[in-house]
Every structure is written in structure tokens, then in C-alpha cells.
Amino acid sequence: MLTNEQITSIIAKVQSTCGNHTPISIVYSARKPKRIAEASDGGVITIFCYVWDVLTDEQQHNTIVHEACHILALKMFGWSAWGHTPDWKRLMALCGCPTKTRYTTPLSIDQAQKISPYVLQCKCGASIILGKIQYGRFQRGNLYRCGRCKATLEK
């Protein structure tokens, strides 16, 4: 697991690469949304510990770069660059990270099962984490698709 010093170093490298030294801080949260981290327009990256702790160092690194690029894109290009826009993708590419908007940090089935008991495995290898209600609907016949390959998930 990355230390705070390593995370700070990654952020400094992203800022230097992008040519923007907007202050970025890290906050850890015990909340349990269905994401690893989130960036805010105030320059804060919130890391959700329940997911963070099961990631590899590479996955944590890519997540920090991903969120830092959101903050820098906003500061450099304005609100039109918020989200997974071409400006954000350019910053990600500059930093040498994947520019896919989803699954930049794919979880293995073992990692996903440490987070939630409601995990489906797609034929393409993706792990899909469902909420309790979604999983119940899936068990009763609702169809869900893989976010990576768009295939219908099977029981």
C-alpha cells in the first residue's frame, strides 16, 4: 500500500508533468460508495478506505493520477473540462496512464470479494460489484451488462 509520502510524490510529479501546481490534498473516508476515490473542485482527493486497502500499488498509483488530472483539468481548462473530457484525457496521456474513463483500475475477483459479497464475474474477466438490491434483482432475472465488454452477465 502506498504511503502518504508516496502519494504526495505522485501528485507532485503529476503537477510538474502538467505544468500546473494547484494545491491538491488527500482525505481518507470510511464511506462506502461504489468507487475508489473522487476529486472535488476544491482540490481535494477523497480516498475510500474500504476499497483502497485491497488495491495493488500500481492500481493506487493510477487512481491518484486519475483524480489529480481531474482537478488539474478543471483548474487549467475550466468547467468544460470536468469529467472524462478530451482535455482530461490529454493530461492522463501526458502522465503515462490509461485514458479509459472506466476500469482504469480493474479489480480481480479476489479483490472485489473482499469489498462486497455481491460480485459477478464476466467472461472477459471483469469483476462487477453490485449493491444488495441490484444483486437480488439479478438473482430474480434482471439483466445486467458488463461495463467493459457490454456482454450480458450470466448466473
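Each value in this text was obtained by applying a stated rule to the coordinates, not by laboratory testing. None of these values were measured; they are calculated from a predicted model. Don't worry about glycine lacking a Cβ; one is built from the backbone with ideal geometry, like all the others, and counts go over all protein chains shown.
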Options [x] 21.4; [y] 19.4; [z] 16.6 are given for Kirkwood radius over Cα pairs in Å, and the computed one is [z]
Final fewest-first order of TRP79, TRP88 on the 10 Å Cβ neighbour count is TRP79, TRP88
Residues other than TYR50 with Cβ under 13 Å of its Cβ, Lys/Arg counted +1 and Asp/Glu -1, net out at +4
Among THR22, THR63, THR46, which one shows the biggest mean-square fluctuation in a GNM of the chain, springs joining Cα atoms closer than 10 Å?
THR22
Relative contact order of the stretch 16-67, defined on C-alpha pairs under 8 angstrom at six or more residues apart (%)
33
Give the relative contact order (percent, whole number) for the chain; include only Cα pairs under 8 Å separated by 6+ residues.
17
Return the subset of LYS89/LYS155; LYS75/LYS150; LYS89/LYS132; LYS89/LYS150; LYS13/LYS150; LYS13/LYS114 for which the Cα-Cα distance in this structure is over 29 Å, preserving the input order.
LYS89/LYS155; LYS75/LYS150; LYS89/LYS132; LYS13/LYS150; LYS13/LYS114
Within 10 Å of each candidate Cβ there may be at most 14 other Cβ atoms; applying that plus a DSSP loop requirement, which trypsin sites (Lys or Arg not before Pro) in the stretch 31-94 survive?
ARG31, LYS34, ARG35
Hey, in the chain, which Cys have no second cysteine's beta-carbon closer than 4.7 Å?
CYS18, CYS49, CYS69, CYS95, CYS97
For a test of the definition: using alpha carbon positions, the gyration tensor, and the 1.5 limit on a/c, classify the stretch 106-155 as rounded, prolate or oblate.
oblate
Based on the Cβ-Cβ distance from ILE133 to HIS21, what FRET efficiency comes out when R0 is 41 Å, to the nearest 0.05?
0.40
